[in-house]
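A.B. asks: So that we are looking at the same thing, I have put the structure below in structure tokens.
Rule-based calculations on the coordinates, nothing more; no lab input. Here the structure is a predicted model, which is why all the values come from computation and not from measurement. Here Cβ is always computed from backbone atoms with ideal geometry, including for glycine, and neighbour counts include all displayed protein chains.
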Amino acid sequence: MLAAASLALWAGAPSAAGLELHGFVQGDYSARVTGLRPPGGSDFILAEERVQLSGNGATQNGRAAFSAKTDLIHDSLTDESDLEVREAYLDLSGGPFEARIGRQIVTWGTGDLLFINDVFPKDWVALFAGRPLEYLKVGSDALKVSAYWSGVQLEMVATPFFEADRLPSGDRFVMRNPFGDDATPALREPAARVDDPELALRASRAWFGWEWALYAARGFYRSPAPEPSEDPEAIALRFPRRHLYGASVQGAHLGGIVHAEAGYYDSRDDREGDDPFVPNSQSLFLAGYKRAIGRSVMTGVQVYGERMLDHDRYRSSLAPGMPEQDRLRTLVTGRFTWLSNYQTWRVSLFGYWSPSDVDYYVIPEVWRSLADGVWVAVGSNLFGGKEDTTFFGQFDRNDNAYLALRYEF
């Protein structure tokens with residue numbers, strides 16, 4: 001329905017002002033370099049070609065605008081094609097209010113590839129396989145309403161159609177199946193209800209050289225958890241309920257950009273903390289600093305932590321042999337980016353390291369502009385860890401090298 005509405009707007013484009021049509025052709029290829037393969041799989045994690053067509057325009061008075069992005073994708077590994085509507089929304093404005101309805105990508109928070117108050121869906125397969133970074137975020141079919149009052153910006157996002165994170169699976173990645181090699185759990189997603197949507201609120205304001213923001217959200221964890229069952233042979237997965245309360249601040253200080261963020265995850269389906277399959281309530285924090293060195297180098301560092309509440313109850317509920325999570329999980333990230341004077345070359349390195357989990361994930365990349373609208377990127381995704389039960393350690397056997405090539409028109 002949302003895509004049809006966008007196409008109808010597009011069909012009426014002659015009456016719009018500033019109509020723009022553009023797109024690109026892109027190839028993405030990622031091959032595992034460990035010599036290991038998933039059962040029945042290949043060395044390639046990703047081998048696809050896509051064409052994106054996008055358009056946007058506005059009415060003469062500027063009170064209504066539309067935007068749409070659609071990808072036609074061919075998967076060379078399965079020889080199948082698919083059509084994905086990445087964005088298709090209508091913007092309406094009047095006075096201090098703005099509304100956006102349709103499929104849209106929403107980004108909140110201050111973290112660099114770390115997310116606390118950004119509760120919107122993400123595609124971790126895209127990141128781990130080497131697609132361009134824009135594909136980490138996934139669109140939501142939602143209504144976003146914004147208002148401006150006395151220097152305060154208010155945003156409300158209502159999402160009746162649940163969208164899960166896109167997570168790596170055993171058909172493309174070499175991974176341990178916690179339910180057994182032949183198990184395929186049934187997945188139960190939250191029902192779509194107009195009268196009970198996911199809700200996310202954000203209030204922000206600039207004050208004394210800092211941008212301050214408060215967040216609240218009601219919805220679900222976007223990674224599934226096992227559902228209790230009296231039948232040991234029936235394995236089902238669900239998405240537990242979660243509430244979020246958080247805050248962030250960032251500003252230009254100390255010769256660069258300083259930012260900090262905190263949040264509290266209220267695990268609505270395990271407030272007692274004694275269900276080992278449902279995430280416990282958590283408090284989370286991050287602090288970061290990024291700075292330009294000269295005109296061509298950008299550096300950044302972040303410290304992140306998530307502290308599990310009711311950890312003692314969680315430990316006592318674990319079955320024998322189940323891996324135990326630490327009370328406090330910590331992460332440190334670093335970023336280095338070098339741009340040539342004419343920005344035809346970009347060399348970047350981003351890395352995660354967890355002192356608590358003793359694992360890491362490193363992304364080196366070289367990007368080169370070949371001509372106007374034509375570029376190529378070559379990089380790799382390198383994983384490692386002491387155990388194969390930690391977040392990055394589980395992908396230790398999936399180190400890969402990737403190639404992305406794009407022609408824009």
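A.B. asks: In nanometres, what is the gap between the two model label sites at V358 and E49, each 7 Å from Cα along Cα-to-Cβ?
C.D. replies: 4.7
A.B. asks: How much mean residue ellipticity at 222 nm does the chain get from its helices, if each DSSP H run of length 4 or more adds -39500 (n - 2.57) and you divide by all residues, to the nearest 500 deg cm²/dmol?
C.D. replies: -1500 deg cm²/dmol
A.B. asks: Quickly work out the S223-to-L254 label distance, labels modelled 7 Å from Cα along the C-beta direction, and quote it in nm with one decimal.
C.D. replies: Between L254 and S223, the simple spin-label model gives 2.9 nm.
A.B. asks: Name the residue, out of F97, F395, F350, whose mean-square fluctuation peaks in a Gaussian network model built on the chain with Cα pairs under 10 Å.
C.D. replies: Sorting by GNM fluctuation, first place goes to F97.
A.B. asks: Counting only other residues whose beta carbon sits under 15 Å from that of P240, what net charge do I get with K and R as +1, D and E as -1?
C.D. replies: -3
A.B. asks: Averaged over every viewing direction, what's the projected area of the C-alpha convex hull for region 128-208? Give it in nm², one decimal, please.
C.D. replies: The Cα convex hull of region 128-208, projected and averaged over all directions, gives 9.3 nm².
A.B. asks: Could you compute the net charge surrounding R63? Neighbours are other residues with a C-beta less than 11 Å from the C-beta of R63; K and R count +1, D and E count -1.
C.D. replies: In short, -2.
A.B. asks: Apply the Kirkwood formula to region 2-408: the hydrodynamic radius equals the inverse of the mean of 1/r over all pairs of different alpha-carbon atoms; give it in Å with one decimal.
C.D. replies: About 23.4 Å, per the Kirkwood formula over Cα pairs.
A.B. asks: Here is a follow-up. Go ahead and set up a Gaussian network model of the chain, Cα springs under 10 Å, then flag whichever of Q250, Q52, Q60 fluctuates most.
C.D. replies: In the Gaussian network model the winner is Q60.
A.B. asks: In what sequence, highest mean first, do 190-203, 106-119 appear when ranked by Cβ atoms within 10 angstrom?
C.D. replies: Put in order of decreasing packing, that is 106-119, 190-203.
A.B. asks: Between L21 and S169, what FRET efficiency comes out of the Förster formula 1/(1 + (r/R0)^6) with R0 = 35 Å and r the beta carbon distance, rounded to 0.05?
C.D. replies: E between S169 and L21, to the nearest 0.05, is 0.45.
A.B. asks: Provide the per-residue ³J(HN,Hα) series for region 322-336, in order, calculated from phi with Karplus coefficients 6.51, -1.76, 1.60 and θ = phi - 60°, each as a whole number of Hz, with x at glycine and proline positions.
C.D. replies: Once θ is set to phi - 60°, the couplings for region 322-336 become 6, x, 9, 7, 6, 4, 10, 9, 10, 9, 10, 10, x, 10, 9 Hz.
A.B. asks: Measure up K137/K386; K69/K144; K122/K144; K69/K122 against 22 Å on the Cα-Cα distance and list the ones that go over.
C.D. replies: Check vs 22 Å cut-off fails for K137/K386.
A.B. asks: In sequence order, what are the phi-derived ³J(HN,Hα) couplings for region 98-111 according to the Karplus relation 6.51 cos²θ - 1.76 cosθ + 1.60 with θ = phi - 60°, rounded to whole Hz, with x for glycine and proline?
C.D. replies: Using θ = phi - 60°, the values come out as 9, 9, 10, 10, x, 7, 8, 9, 10, 10, 10, x, 10, x Hz.
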